Amino acid sequence: MANIISDETIEYVGILAKLELSDEEKEQAKKDMGSMLDYIDKLGELDTTGVEPMSHVFPVKNVFREDVVTNGDDRENILSNAPGEKDGMFVVPRTFE
Amino acid sequence: MDILSMTAVSLGTAIKNKEVTVREAVEAVLSRIEEKESQYHCYVTVDKEGALSQADEVQRKIDAGELTGPLAGVPVAIKDNMCTEGLLTTCSSKILNNFVPTFSSEAVLNLKKAGAVILGKTNMDEFAMGSTTETSAYGVTKNPWNTEHVPGGSSGGSAAAVAADECFYALGSDTGGSIRQPASFCGVVGLKPTYGTVSRYGLIAYGSSLDQIGPLCKDVTDCAAIMEIIASHDPKDSTSVERKDLDFTSALVDDVKGMKIGIPRDYFGEGLDPEVKEAVLKAAEVLKEKGAVVEEFDLSLVEYAIPTYYTIAAAEASSNLERFDGIKYGYRTEEYEGLHNMYKKSRSEGFGAEVKRRIMLGSFVLSSGYYDAYYLKALRVKALIKKAFDDAFAKYDVILGPVAPTTAPKLGESLSDPIKMYLGDIYTISINLAGLPGLSIPCGVDSKGLPIGLQLIGDCFNEKKLIQTAYTYEQARGAFGRKEDK
Amino acid sequence: MAKQYETVIGLEVHVELATKTKIFCGCSTAFGGEPNTHTCPVCTGMPGSLPVLNKQVLEYAVAVGLATNCTITQYCKFDRKNYFYPDNPQNYQISQLYLPICRNGKVEIETEAGKKFVGIHEIHMEEDAGKLIHDEWDDCSLVDFNRSGVPLIEIVSEPDMRSAEEVIAYLEKLRMTIQYLGASDCKLQEGSMRADVNLSIREVGAKEFGTRTEMKNLNSFKAIARAIEGETERQIDLLTSGEKVIQETRRWDDNKGESYAMRSKEDAQDYRYFPDPDLVPIVLDDVFLNEIRAKQPEFREEKMLRYKEEFDIPEYDIEIITGSKHMADIFEATVALGSQPKKVSNWLMGETLRLLKEKSMDPEDIRFSPENLAKLISLIDAKAINGSVAKEVFEIMFDQDIDPEKYVEEKGLKTVNDEGALRKTVEEVIANNPQSVEDYRNGKEKAIGFLVGQTMKAMKGKADPGMVNQLLKELL
């Protein structure tokens, strides 16, 4: 396997993705990611100089809406699935500035 | 009258002609579900009450002349990644185990406007990530053709439900083959439309630039009728394309004379099961006999499709799934210390292994230092893949090939080797990258008795050519051997 | 010999655009409202929701870009900035990194030292986050998504400023320009304009930049000036004592007059920007740009010059009036209705400014209409009401934009111009105040003031003081 994924990398990616892996899962993740990246490295075989990265397949552009209020008070619905709710707001663990 | 064996369109006609009531149809399918669910487990949620009350409502409207469409009163199953107002929507994940949407997806709304009766939500691979429906947090779905085998994925529940007559048709979603492959494994028809044809509003996103909603159904006629209902231009979806040619049923014509069909040599190489190869080539012969011009050609870049797809899909998914954080909806871990711990635990406990794997990969390929080498590179290769198809469609009307390298594998065999599993997507994935329409229609059965699917691929916005080709083939093929136990 | 340092400052200014709806959904951007009542699946990150761009946001962004001499990026996209925080419903913010809508602009500022240009590196569109409230009772935080999705433009300057004075001048210039475009009311105190200061120091003559820090929580021009001074000092102290400046974000506490390093969020600052696949590219042709250009208003500088030529009012008045587009609009409209420019400017410069100050209001918040101001001035010109009644009516008009004509009728405030009735009252007052009369006759000029006052009182204020004065003198 050409791509050796380090513990630091797994830690780092875990922080970015907000995922906490067990030691076992981490080992497996290192292997999985390594072999996946080996596979993705295959793309390096292709000469893509001068090719623009294509985000959107079709030339759809300029999709807009008018600046008109179309929504009313949907609070009840918005909060209906909240794990924690107080005074019409979502409850979250204490944040700090 | 054997209601359950009817196609969606013929049931719709029977209802219109007052040969069957909507309630009778719904009751028939509900008892079938009751009978077979413990065996097949196609559904995450069956909404018996809702379906029966919808049935009465729809019948009233039909009688009053308010609902006149061809599928009014026909019961449908919806894949569990499409929001359905008031009905549990889980994406087969623990992290949405209690999520009840407050709005319905546009495709579902279109169905309801046409008088469809929603039966429930079908099982899938968690967040549509998978090819066997085995990554579902709510148990696996079994292939009705042989319950030791998978139904395919990620729309496995939908495909199995159609095959088992637990619904008359179903909606699925396809990001890398998730409609076509389970259609192929379960012996039903499946279509992934051109990107932008069916609104993605309300479809819980996996790979936003690749996802499309489409039908899984019993025959090509049903497929065209369903497409006419669900395809629409939606101003709530910026990627929704405004199309004028949505009269898909006009393509139900038994004629392929002069149609140029290309068969990519690169689809018939190593790794393709010989029985699948035989069945697919036989189908090509049938079309040739009906007057199509069939020719082999080199598509190229086929082996690069999978790494390109996984880079892009994982990247988009890693971002799309960030919203599942235990704050606004869904699962929240019970014990935590502080905000970031709450995030980590909720997500780690709520997501399954395959989802976590893809989120990690996606976060990595987008991370600083790797973005150019992985993500941008994949987008460049995507452009090349699109170009290869553009070149092919300059010569051919339709591209023909297999849907998957094999028939349905056995349960429990696929998840241990993710890359091998990913390789199974080889024929379907590039179609999503290029935004093209792809259709899967049963063309045979292997020696194990498992269905084989034929894939027809069209240039963008060319569903009609696919429908016409598929319809012609279907007429020549005759009825597809249905499951024994009815 | 002590080293000479210069301060190098760049600004990142966020401006809330004055659109009626949010950037990606049809929810109202109106202030106030109970928590989460201006929300929908899109701005709260519900599964399956999708964004659609508000055209007005694009138009304002381009207008601001053109007004600040930027090159408009005619093919641009939105990118996702990924980070986890509860005020961010999708845990990614839709912004623009790779292809911002405007680039390479400049604005001219003027300070005591003279004029100079401050470069604008780029301007991009993005969405605002929700609000977090800390709940002491339950030791948790609460999220309100009303502000989530409010459209912002972020204006990033080049590090061209060298002093607090230049920074203030730059901000004033931006504010004036944007207010004139109607794109935002740009109020620092209310948060519709937010400035983050990037500051570093280096030895005078050095070519390289020093390490910079970013300062946040600057809610007034005073705070900005103080923060700049404070941070400059802090950095100079560090360097002169041989230490290094650490690149960090600092929060300014204006009460204490000092800053402190912000608790670093657990996140690595790796935002993994990539083009948002749910939004399509924006392609702007020259026709569009010309349309926006054509809609540009007369900016302040031009207006000042025009007022100088057209209206005979003091230059100081012109400066103040044109300092607020709204006030200038009222001025011009009132004059257009026929009122004399000098009179209009007096009302604006006098009573209006006084009341604004008293009520801590901004000129942009003036509520009364030009029609009503014109009516008030007419009433005075016709001597239908006197000076003090006019002031009284004006105060009510300032608060409630009442029609002065109707009000004066209803409340019966018209000056009594009937000389006969007035004469009678004056005679009564003279009769009732013999002492003052005698004082006046004995040479105390001021005693007449008292008599005028008594007359006015008797007339319930509805007399013309000039006429009263005249009559008294006549009768005494």
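The values are calculated or read from the model by the stated rules, or taken from the named source; none is laboratory data. For clarity, every value in this text was computed on a predicted model and none was experimentally measured. Using ideal geometry, Cβ is built from the backbone for each residue, glycine included, and neighbour counts are taken over all protein chains shown.
Table for the structure above
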{"item": "Candidates C:T21, C:T7, C:T44 - the one that is more than 14 Å from every other protein chain (Cβ to nearest Cβ), among the polar types (S, T, N, Q) and touching a residue at least 24 places away in the same chain (Cβ under 8 Å)", "result": "C:T7"}
{"item": "Subset of the range B:417-434 that is at pLDDT 95 or above and not in a helix (DSSP H, G or I) - its residue that is nearest to B:G262 (Cα to Cα)", "result": "B:Y427"}
{"item": "Index of the failed condition, B:L411 passing every other in (1) at pLDDT 95 or above; (2) in contact with a Gly (Cβ under 9 Å, 6 or more places away or on another chain); (3) among the hydrophobic types (A, V, I, L, M, F, W, C)", "result": "(2)"}
{"item": "Pairs where the first residue, in the range C:279-293, is part of a helix (DSSP H, G or I) and the second is modelled with pLDDT of 95 or more and of a type in the set (S, T, Y), C-beta under 8 Å, 6+ apart", "result": "none"}
{"item": "Count - residues of the range C:98-133 that are of a type outside the set (V, I, T) and under 30 Å from A:D87 (Cβ atoms)", "result": "7"}
{"item": "Qualifying residue in the range C:335-345 (condition: assigned to a helix (DSSP H, G or I), surrounded by fewer than 15 Cβ atoms within 10 Å (Cβ to Cβ) and hydrophobic (A, V, I, L, M, F, W, C))", "result": "yes"}
{"item": "Any hit, the range B:78-91, residues being at the interface with another protein chain (Cβ under 10 Å from one of its Cβ atoms), touching a residue at least 40 places away in the same chain (Cβ under 8 Å), assigned to a strand (DSSP E or B) and not charged (D, E, K, R)", "result": "yes"}
{"item": "Selected residue (criterion: farthest from the other protein chains (Cβ to nearest Cβ)) from residues of the range B:351-373 that are surrounded by fewer than 24 Cβ atoms within 10 Å (Cβ to Cβ) and in contact (Cβ under 8 Å) with a residue 12 or more places away in the chain", "result": "B:G352"}
{"item": "Enumerated helices (runs of 4 or more DSSP H) restricted to chain A, each holding at least 1 residues that are under 21 Å from the mean Cα position of the chain (by Cα) and polar (S, T, N, Q)", "result": "A:7-17, A:23-41"}
{"item": "Leading residue by the ranking (nearest to B:L379 (Cα to Cα)) among those in the range B:156-209 that are more than 14 Å from chain C (Cβ to nearest Cβ) and hydroxyl-bearing (S, T, Y)", "result": "B:T194"}
{"item": "Checking C:S259 against (1) more than 14 Å from chain B (Cβ to nearest Cβ); (2) over 23 Å from C:F368 (Cα atoms); (3) surrounded by fewer than 18 Cβ atoms within 10 Å (Cβ to Cβ), the condition it does not meet", "result": "(3)"}
{"item": "Hey, C:E315 exposed (fewer than 12 other Cβ atoms within 10 Å of the Cβ), over 18 Å from the mean Cα position of the chain (by Cα) and not small (G, A, S) or not", "result": "yes"}
{"item": "Test: residue in the range B:95-115 that is within 13 Å of another protein chain (Cβ to nearest Cβ), more than 21 Å from B:V29 (Cα to Cα) and among the charged types (D, E, K, R)", "result": "yes"}
{"item": "Which listed residue is in contact (Cβ under 8 Å) with a residue 12 or more places away in the chain, more than 14 Å from every other protein chain (Cβ to nearest Cβ) and over 19 Å from C:E364 (Cβ atoms), from C:F331, C:F311", "result": "C:F311"}
{"item": "Number of positions in the range A:8-19 that are surrounded by fewer than 20 Cβ atoms within 10 Å (Cβ to Cβ), under 21 Å from B:G352 (Cα atoms) and among the charged types (D, E, K, R)", "result": "1"}
{"item": "The range B:433-449, residues that are touching a residue at least 60 places away in the same chain (Cβ under 8 Å) and in contact with a helix residue (DSSP H, G or I) (Cβ under 7 Å, 6 or more places away or on another chain)", "result": "B:L433, B:L436, B:P437, B:G438, B:L439, B:S440, B:I441, B:C443, B:G444, B:D446, B:S447"}
{"item": "When residues of the range C:353-405 are limited to those that are polar (S, T, N, Q) and crowded, with 17+ Cβ neighbours inside 10 Å, the one farthest from the chain's Cα centre (by Cα)", "result": "C:N386"}
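A quick yes/no check of all residues on (1) among the hydroxyl-bearing types (S, T, Y); (2) assigned to a loop (DSSP other than H, G, I, E, B):
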site: B:V381; (1), (2): no, no
site: B:D391; (1), (2): no, no
site: B:G401; (1), (2): no, no
site: B:T406; (1), (2): yes, yes
site: B:L415; (1), (2): no, yes
site: B:I441; (1), (2): no, no
